[in-house]
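J.: Have a look at this one.
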Amino acid sequence: MDSEPDPTGENRSKAALAATSWALLGMMSYEEEVSGYDLKKWIDWSVDLYYWSPSYSQIYTELKKLEGLGLVTSRVERDEGTRTRRLYRITPAGMAAVTDWTNNAPVDPPVLKHSVLLRVTFGHLSNPARLKELLAEHVAYAEARHRKAVEDADGAEAQPAWAYSVIALRWAAKYYAAEREFALELMKDIDEADAVLKKAAKGGFGQPRPMPGYWREVEKQVEAKRKAD
């Protein structure tokens, strides 16, 4: 049977929602009335460890969009003084949309965007001591994130409704523990790489220079191996 027409384009709008919107709807699917500030803090406590943490401006922009689509509602709460805050609650349409997204939307492959590895890639423009400093800083970062993931998972275990959040946080803890070990191994490899680098020819700027265009040969070799396999 053909689907009903969508003259408003609302279904297309829902399909085009940013990841921030889906994350916010997911957080609100626990049916707690929350402010944008609450959502930011909640995400920093959980999703930030294995996805990202949007800014306050992103959160409020997406909440306004979600309300316009009828996926959340809001009300202004006033305290005994003059302060106010806007509280948001998921609607039945919002619950249906985020449930459908969780189960049926295409899953984007993880993207590794590793700024430390990018610096190591261009290590010929640096020196072993500086690269080890960067890696040592990354080790400290990974250790801190690992501790946070463990602490947050331990805290979340008190709520049965967060059972899946707990195992996601446990995964994050393992990830950062592995990241720390990878960085420590890379630190040990720096001196060996520098020794190999010293054998390279120099270009006009005095920097190591490979054979021009050799990456194309590597590409051909890799492609030939793939076909052979």
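J.: Have a look at Trp171, Trp101 and point out the one that is open to solvent by 70 Å² or more (accessible area, probe 1.4 Å), assigned to a helix (DSSP H, G or I), in contact (Cβ under 8 Å) with a residue 60 or more places away in the chain and in contact with a helix residue (DSSP H, G or I) (Cβ under 6 Å, 6 or more places away or on another chain).
T.: So the residue among Trp171, Trp101 that is open to solvent by 70 Å² or more (accessible area, probe 1.4 Å), assigned to a helix (DSSP H, G or I), in contact (Cβ under 8 Å) with a residue 60 or more places away in the chain and in contact with a helix residue (DSSP H, G or I) (Cβ under 6 Å, 6 or more places away or on another chain) is Trp101.
J.: Next question. Only one of (1) open to solvent by 100 Å² or more (accessible area, probe 1.4 Å); (2) within 18 Å of Phe182 (Cα to Cα) is not met by Pro110, so which one is it?
T.: Just one mismatch for Pro110, condition (2).
J.: Give the stretch 81-98 a look and list any residue that's within 19 Å of Tyr37 (Cβ to Cβ) and open to solvent by 40 Å² or more (accessible area, probe 1.4 Å), or say none.
T.: Scanning the stretch 81-98 gives Gly81, Thr82, Arg83, Thr84, Arg85, Arg86, Arg89.
J.: Still on this structure, I have one more. Would you be able to tell me the number of residues in the stretch 119-161 that are touching a residue at least 24 places away in the same chain (Cβ under 8 Å), over 30 Å from Leu197 (Cβ atoms) and open to solvent by 50 Å² or more (accessible area, probe 1.4 Å)?
T.: 3
J.: Scan (1) in contact with a Gly (Cβ under 9 Å, 6 or more places away or on another chain); (2) outside the structural domain of Tyr175 (by the TED database) for the single condition Ile43 breaks and write down its number.
T.: For Ile43, the failing item is (1).
J.: Could you tell me which residue of the stretch 174-191 is nearest to His124 (Cα to Cα), considering only residues that are open to solvent by less than 60 Å² (accessible area, probe 1.4 Å) and either without any contact (Cβ under 8 Å) to a residue 40 or more places away in the chain or within 16 Å of the chain's Cα centre (by Cα) (or both)?
T.: Glu179
J.: If a residue counts only when it is modelled with pLDDT of 95 or more, which helices (runs of 4 or more DSSP H) contained entirely in the stretch 1-91 have at least 1 such residues?
T.: 19-28, 36-45, 56-68
J.: Just to be sure before I move on: is Leu112 over 21 Å from the mean Cα position of the chain (by Cα) and of a type in the set (A, V, I, L, M, F, W, C) in the structure I sent?
T.: no
J.: Take Ala158 and tell me if it is modelled with pLDDT of 95 or more and not in a helix (DSSP H, G or I).
T.: For Ala158, the condition - modelled with pLDDT of 95 or more and not in a helix (DSSP H, G or I) - is met.
J.: Could I ask something else about it? Could you list, in sequence order, the residues of the stretch 47-70 that are open to solvent by 30 Å² or more (accessible area, probe 1.4 Å), under 19 Å from the mean Cα position of the chain (by Cα) and among the acidic types (Asp, Glu)?
T.: Of everything in the stretch 47-70, just one residue is open to solvent by 30 Å² or more (accessible area, probe 1.4 Å), under 19 Å from the mean Cα position of the chain (by Cα) and among the acidic types (Asp, Glu), namely Asp48.
J.: Continuing with this model, one more query. Taking the stretch 192-213, which residues are surrounded by 11 or more Cβ atoms within 10 Å (Cβ to Cβ) and part of a helix (DSSP H, G or I)?
T.: Of everything in the stretch 192-213, those that are surrounded by 11 or more Cβ atoms within 10 Å (Cβ to Cβ) and part of a helix (DSSP H, G or I) turn out to be Ala193, Asp194, Leu197.
The values are calculated or read from the model by the stated rules, or taken from the named source; none is laboratory data. Keep in mind it's a predicted model, so treat the numbers as computed, not measured. Virtual Cβ from ideal backbone geometry, glycine too; neighbours counted across all protein chains shown. We work out accessible area using only protein heavy atoms, side chains counted, and drop any ligands, DNA or RNA first. Shrake-Rupley method; radii C 1.70, N 1.55, O 1.52, S 1.80 Å.
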